[in-house]
Every structure is written in structure tokens, then in C-alpha cells.
Amino acid sequence: MSAALLVAALRDPASVAGLSGAQWNALIAAARAERLIGTLAFRLEGVAVPPAVRPILADARFDAAREAQTALWEADRAAAALAPLAIPVILLKGTAYAAAGLLAAPLSPALGRFIGDLDILVPRDALDAVEAALLDAGWEWVKPDPYDDAYYRQWMHELPPLIHRDRDRMIDVHHTILPLTARPKPDIAAMIAASIALPGGLRILSLEHRVCHAAAHLLADGDLAGGLRNLWDIHCLCSASGAAQEDFTLSLMEEAARHDLAAPVARALRLAHHLYGTPVKAYSAPISLDLRLRPSDRLFLTRLLARDGWGRETHKALRQLFYVRSHLLRMPPPMLARHLLTKWRKGHRPG
Amino acid sequence: MKHRIALTIGPASFRIGAAWRAPVARLAALYHDYPAPPGGIADFTVRLDPVRPWRRYIRPSIHITGDHGLADAAPMALAHGLLAAEMGMNLQMALGWRRHLLLHAACVEKDGRALLMTGESGSGKSTLAAMLGERGWRFMGDEFALLDPATGAVHAFPRLISLKNSAIAAMEAQVADAARFGPLLRGTAKGDIRHLRPRADAIARMDRPATPALLLFPRYGQPVDIRPVDPGECFMRLTQASTNYTALGEAGFDCLSRFVQTIPAQAIDFPDGNSALALVDDLWNALR
Amino acid sequence: MRGAMTSLPHYRAIPATDLVIRPLADITLLYHRPSGQTHMVASPVPEILAALGAHPLDSHAIHARLATCYDLGDPDEARAAIATHLAEMAALGLIRAA
């Protein structure tokens, strides 16, 4: 179980002392497969590692730094394109961490983090104007597939993905943090109102809402692919704030309850606490937060750690279960059946 | 994985795992003289998995993947397993290598100075490098030339030479040692392919870099012609011939802009191998 | 439209440390550090970059500066061409709209 090696190395960098060559190979393969190699490289900075490992980690740090720079530039271009609209533009996920990382925190999720597409959140009533402004500034639709397009516009929490014709980078424009069909209904206007301005005009969600979003994305929306990375984000966000603010966990759980996300946030905290030792406090009053694992958490842990020494995913049946679960969470069952039928006819397979 | 091998090629090391014995046995025979990764720790993992679990046994079909993979990579027949492993290693280099600027180029060395040849598949660069490698030059690679951003030196990546179609018979006539050849792979996406292990000196000296001296853009199957290529065109063509130029950022820019400003470049057209060898001789001797 | 002169967009240079400029024989290579992008440009782009400073200028002012060193031909055509270049350079982040 190479994912367990990865979790141990992230949690306690000194634990890599004495790893065999085969274990290093397994650790590196798992870290690459989970897209946590950059994070691992920063965690192991200054830790004694075999000579053959050093350049691998140096390359990963180099990639992560360039990745962050490119992501921030993409955010800058989106900000330039949307500036005339005078609306709040909120960076989400990886780019938000990179931008917030500039405000500095001792354990920032930005350190070495993989960043894929640019995710932004804008007010829903500005969506048409945002779409027009982006198309005008060189972004284009990725795939003109009528079913997918209709599906996104009708049911999802984002526009169909756009890609910039010169820079070849994708942007996902969200107007809320969960699909409209999902059961929890976060109060997105309140989240936008509580967002924090960055130098340069862009914004990020408040710390509590960043954790809520990461947990919602991990548990209420996704199929747990990339779950270890999402949980590491949550671990870093909670660790950074815990030092700065008394009772952060309490204010986090209050916000989670207010946005209908108490269950996924509590589960994310239990899993992060168990895997990474995230310093969160248990409460019984005024809000109950019990950090002991529940039986169902074991299933999540098995899924999160399902990777062998060659970086391959294991537990195929369990992964399939989570894939179906992720759709159940997003859509009422009849709608799900219709969606899966359409997808399978086109040869899509999970994993 | 059930069948596995680990090996070092130039500055890079790989561990390759396969669901079948045959591709690993072929690799073991042809890469016999290549060292194991230092400390048993490889830079990259390559996996040859069945495309579906049952396809390990029924109409075996290989999915090439590893640390880096392509979502739309076409599956390959088990009979082409050696080619799949080679492609798997190339894929890791192309997508994951950061310690040098990677140029899609063949490279040979003489007296510490390197001749680089870049061009599309079918340009003749691979065959030309193989021929020069049997004629007093040290073969440094037929796929990637690795430029060191710190020194400007070129490093060798002398994996097996991938001979295609008519080049197979041409090299069979020039190389006496049959043990250096892999199996003839018929009907691949690029026609017939047969792998050739570089000469022993190319493997023994693969750690030694060389100073770039000449860049050629060869084109096979044309009447003889020589045309100088100016630095601007060179820069543009080499950025297109590099898989990691963008990933290296400013280091790649510095390395490549210095390269095109200091290394003379010529486009050469030739109808056959012998006229290519004569052209290379003339241009190389004219350097001094 | 009131006062065509005042409605022209103004631009200023980006910090000199954001750009690496390397002239080759007949083209110029630009490495733009914030984006990590390389641009191959020809005249008059390097000249426009050299003419711009921290002080915002419009296409007419840049034309006036360049005209002292280069023969730019018909002034109206040259100004229009410069204005087009400026907009493209700003989209790439090589200069900033002021």
C-alpha cells in the first residue's frame, strides 16, 4: 500500500529515514499518481534522502513553482478580461491557495500543490456577461457537444469549460460550489459577501469557506479521485488557521452548518485528523464534533489509500461504487440513469 | 508487478513492470550492459498493463502508462511489447524530464564535439546516426539530445536504435553481431521496426557529455542540397522539436537562445545514405 | 465621440525585470517572466518596447518618438499600425494599459 507510505511521509517527514529503494520507488510513484509529488518534495526539503531521490524532488519543486506562476498569470489575464464588469471574481481551489500563499502561512496548501484549471466563482446574475467577456478575450468552448453543454447549463454549478486559444489553459466559471441538483444548498451570496480581497482586485473565499468548499468538493461532489490531495489542502488550511485563531474549528462548524455542509465537513475533519493528524478540536457543545472514526469512514479510508507499489489503483469495485455514489450525490436517481446511459453509449468509463 | 526490470540510460533511470514475461525478457537481453539505477531508485516508473484485465490472456493488448501517460494512447499488440516498453520510456522522458532541455534529435560525437540532427520521423536522422555510430563516431542517441542549461553541453541518451523499414536491411548489412538486434516487429504503426543495441563504447561512455558543434536538419529522399538555417528559424524549429522547452521556463529560453546563437546550422537534403555520409563529412571538416 | 485625441488608450512599460530581450539576426526573442511565455517578434515591436517607459503614452506619442529615429512612412497608417501592435502587446502582457 504505497498510498499509506505517502500519507506517513506527508504527516511525518522524518518517517522516510530508512526506506528501502523499493519503498522509495513506491512512495514516488504514489505521490506522482496522487499529484502530491510537489507537496511531498516541499515537505522533505531539508530531510536527508538518498542521492538518487534528491534530483527527483528538486524537479518536483521546480515544476510546482512554475505551475503556481502560470496559474497566477492565468488569474491575472482573467482579472484583466473581467475588470470592466466590476463584479467580484473569486479564485477557487489551487489558484486561490497560490494567491493566498502570497499572504504567507507556515503550512500553506500552496507549497508544491498541483494546479490544473483556473476555477473562478462569480455571481450567478453576471454569468452571461462573464461568458461574453471571456469569449471576447480569447477563450473558446472546449467541446461543442450539445448533450454535455445542455447538461452543464441546466444542472451544473459551472459554465461548460473554456480554453484560451493562445495559452491553452482551461477556465471553469462557477456560480455556486455544488451542482444545482445536489442536496446541500450553500448560501453562495453569503460566501461571496464574506470573501477576502487580494491585492490586484481578485478575491478568495474566507478561510472557513475555503475548508467548506474543499470538503464539499471532496465528499459531496467528487468520486474521491484526488482525495488525498483534497484532504491535504484541508489539513493545511486548518493547521495554518488553528495557530492564528482560537476556536477556528468552532467557527468552521458554524459556517458548515449554515451552508448545509456540516456532515461533509465533519467527515473531512475526521479523515484529515486520522490520516494527517490535523489539529482540530473535538466539541460536544455548542456544536458536536466527534473526531472518532465512524464505521463508514473506514470505507472512505480504504478508497483513499487504494494504490499499490507501482502507483496503480486497487479496489476497482470500491472505486466503481464511489463513482456511482458521486453521481447519486449530484443528481436525483432518474436523472442519474439518463445521464449514465448517455455517457456509457459514448464509451466513457470511470477510472 | 509480476515481471520487472530496472535500468539506467545516460542520466535517466527507469523501472519497467509488465503483466507479461516476454517484453521484459527482450529488454533484459538487449539492455544487458546498461547499469542498474543507483540505490535501486528509478527516476521513472513505466507500466505495461493489459488494456482490460482479461486482455492479459485473450488477444493480449498492452496499455502503456506509468508516472506520465497519455489518456488517448493507442493499445499495442503483445508481439510489439519491446516497442511498447521503448515508447513507455520515451513518454516518461518527454513529459517528465527536467534536468536538461530535451531536443527531439539524434546525436553523435567525435573528439568531444557533438553533431546533432533534428527532424520529423522519416527524415533519416536515426539511420544516419546509426550509420555514423558504426564509422568511428560515438552514438549518443537517436531520439533525444539532452542540453544542459548550466553548461550548454549535450548529454547522451543512447537507448536502443529504432530502425524502420528499409533502414533495417541497410544496418543488418553493416553490423556483423546478430546479438545486437532485437526481433523484427512487423506491421507496427510505423511499418516494420527492428531495434539495434548501440556499440559497446557508446554504452560504456554514456555518462560523458560533449560540446555541441553542428546542427543539421536532414531530409531523406531529396536531391542533394545544402542550405544554412538562420538563428531565428533554428530557434523556432527547435522549440517545436522540444517536449520540455515550456516546462523549463527561463532556463530553457536561455539555453536554447545561446545554442542557436553559437552553433552553426544547415538543412541538408540527400537521396541515400552514402550521399548523406559524404555531406556530413564535408560539413564537419569545414568547421575547423 | 468627443475629442478623438483624449479617447486613445494609453500604455506603459511593465517592470524591466519582467522581460528578457534577446536580439537575434533579424528577429528578437522575448521571454516574459510572469507568464513564462516566449515571443518571437520583429520590428516595430522591439522599438515600441524601447520607446515606452513608466509614463503612460498613446499611439500618437509613441509614433512621435519613433519618427525621430526611423522612417515610418505615411503618419496615419503608421499610427494605426502602432495602435494595433499596442493592443496585441497589452493582450500578451508585454505592456500594460494605463
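The values are calculated or read from the model by the stated rules, or taken from the named source; none is laboratory data. Because the structure is a prediction, the values reported are computed rather than measured. All Cβ positions, glycine included, derive from the backbone under ideal geometry; neighbour counts span all protein chains shown. We work out accessible area using only protein heavy atoms, side chains counted, and drop any ligands, DNA or RNA first. Shrake-Rupley method; radii C 1.70, N 1.55, O 1.52, S 1.80 Å.
Please determine whether any residue of region B:110-117 is part of a strand (DSSP E or B), at negative phi, in contact with a strand residue (DSSP E or B) (Cβ under 6 Å, 6 or more places away or on another chain) and open to solvent by 10 Å² or more (accessible area, probe 1.4 Å).
Within region B:110-117 (the criterion being part of a strand (DSSP E or B), at negative phi, in contact with a strand residue (DSSP E or B) (Cβ under 6 Å, 6 or more places away or on another chain) and open to solvent by 10 Å² or more (accessible area, probe 1.4 Å)), the answer is yes, since at least one residue qualifies.
Looking at B:139, B:157, B:217, which one is within 20 Å of residue B:26 (Cα to Cα) and aromatic (Phe, Trp, Tyr)?
Sole residue among the options that is within 20 Å of residue B:26 (Cα to Cα) and aromatic (Phe, Trp, Tyr): B:157.
Out of A:224, A:271, A:231, A:218, which single residue is under 22 Å from residue A:3 (Cβ atoms) and outside any helix (DSSP H, G or I)?
A:224 is the lone residue from the list that is under 22 Å from residue A:3 (Cβ atoms) and outside any helix (DSSP H, G or I).
Which pairs have Cβ atoms under 8 Å, sit 6 or more apart or on different chains, and link a residue in region A:119-136 that is of a type in the set (Lys, Arg) to one that is not in a strand (DSSP E or B)?
Between residues of region A:119-136 that are of a type in the set (Lys, Arg) and residues that are not in a strand (DSSP E or B), the close pairs are A:124/A:175; A:124/A:176; A:124/A:188.
Looking only at region B:18-49, which residues are in contact with a His (Cβ under 7 Å, 6 or more places away or on another chain) and not β-branched (Val, Ile, Thr)?
Correct list: B:18, B:20, B:21, B:30, B:49.
Looking at region A:163-170, is at least one residue farther than 15 Å from residue A:125 by Cα, open to solvent by 30 Å² or more (accessible area, probe 1.4 Å), modelled with pLDDT of 90 or more and more than 14 Å from chain C (Cβ to nearest Cβ)?
Yes, that holds for at least one residue.
In region A:257-291, what count of residues is obtained for those that are over 17 Å from the mean Cα position of the chain (by Cα) and of a type in the set (A, V, I, L, M, F, W, C)?
So the answer is 9.
Which condition number in (1) open to solvent by less than 40 Å² (accessible area, probe 1.4 Å); (2) more than 30 Å from residue C:42 (Cβ to Cβ) is the one that residue B:235 fails?
In the conditions (1) open to solvent by less than 40 Å² (accessible area, probe 1.4 Å); (2) more than 30 Å from residue C:42 (Cβ to Cβ), residue B:235 misses (2) alone.
What do you reckon, is residue A:159 among the hydrophobic types (A, V, I, L, M, F, W, C) and more than 21 Å from residue A:76 (Cβ to Cβ)?
Criteria not met by residue A:159.
Residue-wise test of (1) more than 16 Å from residue A:228 (Cβ to Cβ); (2) at pLDDT below 70; (3) of a type outside the set (A, V, I, L, M, F, W, C).
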| site | (1), (2), (3) |
| --- | --- |
| A:291 | yes, no, no |
| A:335 | yes, yes, no |
| A:340 | yes, yes, no |
| A:347 | yes, yes, yes |
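Within region A:3-114, considering only helices (runs of 4 or more DSSP H) that don't extend past its boundaries, which have at least 3 residues that are buried (at least 18 other Cβ atoms within 10 Å of the Cβ), within 12 Å of chain B (Cβ to nearest Cβ) and more than 22 Å from the chain's Cα centre (by Cα)?
A:21-33, A:53-82
Quick one: residue C:60 ticks every box in (1) surrounded by fewer than 16 Cβ atoms within 10 Å (Cβ to Cβ); (2) not in a helix (DSSP H, G or I) bar one, so which box is it?
(2)
Looking only at region B:141-156, filter to residues that are in contact with a helix residue (DSSP H, G or I) (Cβ under 7 Å, 6 or more places away or on another chain) and in a loop (DSSP other than H, G, I, E, B); which one of those is farthest from residue B:109 (Cα to Cα)?
B:149
For residue B:45, only one of the following conditions fails: (1) away from chain A (no Cβ under 12 Å); (2) buried (at least 17 other Cβ atoms within 10 Å of the Cβ); (3) among the β-branched types (Val, Ile, Thr). What is its number?
Among (1) away from chain A (no Cβ under 12 Å); (2) buried (at least 17 other Cβ atoms within 10 Å of the Cβ); (3) among the β-branched types (Val, Ile, Thr), the lone unmet condition for residue B:45 is (1).
What pairs can you find where one residue is in region B:48-68 and in contact (Cβ under 8 Å) with a residue 12 or more places away in the chain and under 11 Å from residue B:19 (Cβ atoms), the other is assigned to a loop (DSSP other than H, G, I, E, B) and among the aliphatic types (A, V, I, L, M), and their Cβ atoms are less than 8 Å apart, with a gap of 6+ or different chains?
Close Cβ pairs satisfying both conditions: B:48/B:19; B:49/B:19; B:50/B:19; B:56/B:19; B:61/B:51; B:62/B:51; B:63/B:51; B:63/B:73.
Filter region B:11-29 down to residues that are crowded, with 21+ Cβ neighbours inside 10 Å and away from chain A (no Cβ under 14 Å), then give me how many there are.
2
Identify all residues within region B:238-250 that are surrounded by fewer than 16 Cβ atoms within 10 Å (Cβ to Cβ) and not charged (D, E, K, R); write none if there are none.
The one that is surrounded by fewer than 16 Cβ atoms within 10 Å (Cβ to Cβ) and not charged (D, E, K, R): B:240.
Residue by residue through region C:24-52, note down the ones that are assigned to a loop (DSSP other than H, G, I, E, B), within 8 Å of chain B (Cβ to nearest Cβ) and touching a Lys or Arg at 6+ places or on another chain (Cβ under 7 Å).
C:36
Working only within region B:87-108, note down all residues that are open to solvent by less than 30 Å² (accessible area, probe 1.4 Å) and touching a helix residue (DSSP H, G or I) at 6+ places or on another chain (Cβ under 9 Å).
B:96, B:97, B:100, B:101, B:102, B:103, B:105, B:106, B:107, B:108 - these are the residues of region B:87-108 that are open to solvent by less than 30 Å² (accessible area, probe 1.4 Å) and touching a helix residue (DSSP H, G or I) at 6+ places or on another chain (Cβ under 9 Å).
For region A:168-200, how many residues meet the condition of being more than 16 Å from residue A:95 (Cα to Cα) and in a loop (DSSP other than H, G, I, E, B)?
Selection size over region A:168-200: 14.
Suppose we filter A:228, A:205 for residues that are open to solvent by less than 10 Å² (accessible area, probe 1.4 Å), over 10 Å from the mean Cα position of the chain (by Cα) and touching a residue at least 12 places away in the same chain (Cβ under 8 Å); which single one remains?
From the options A:228, A:205, the qualifying one is A:205.
Of (1) on the phi > 0 side of the Ramachandran plot; (2) within 14 Å of chain C (Cβ to nearest Cβ); (3) within 21 Å of the chain's Cα centre (by Cα), residue B:249 satisfies all except one. Which?
Only one criterion is unmet by residue B:249, namely (3).
Select from region B:214-246 the residues that are within 14 Å of another protein chain (Cβ to nearest Cβ) and small (Gly, Ala, Ser) and write down the one among them that is farthest from residue B:273 (Cα to Cα).
So, considering only residues that are within 14 Å of another protein chain (Cβ to nearest Cβ) and small (Gly, Ala, Ser), the one farthest from residue B:273 (Cα to Cα) is B:232.
Consider residue B:60 carefully, then state whether it is surrounded by fewer than 22 Cβ atoms within 10 Å (Cβ to Cβ) and either touching a Ser or Thr at 6+ places or on another chain (Cβ under 8 Å) or more than 14 Å from every other protein chain (Cβ to nearest Cβ) (or both).
Yes.
Please enumerate the residues belonging to region B:11-37 that are under 17 Å from residue B:156 (Cβ atoms) and assigned to a loop (DSSP other than H, G, I, E, B).
Hits for region B:11-37 are B:11, B:31, B:33, B:34, B:35, B:37.
How many of the residues in region B:223-262 are touching a residue at least 60 places away in the same chain (Cβ under 8 Å) and not acidic (Asp, Glu)?
Residues in region B:223-262 being touching a residue at least 60 places away in the same chain (Cβ under 8 Å) and not acidic (Asp, Glu): 16 in total.
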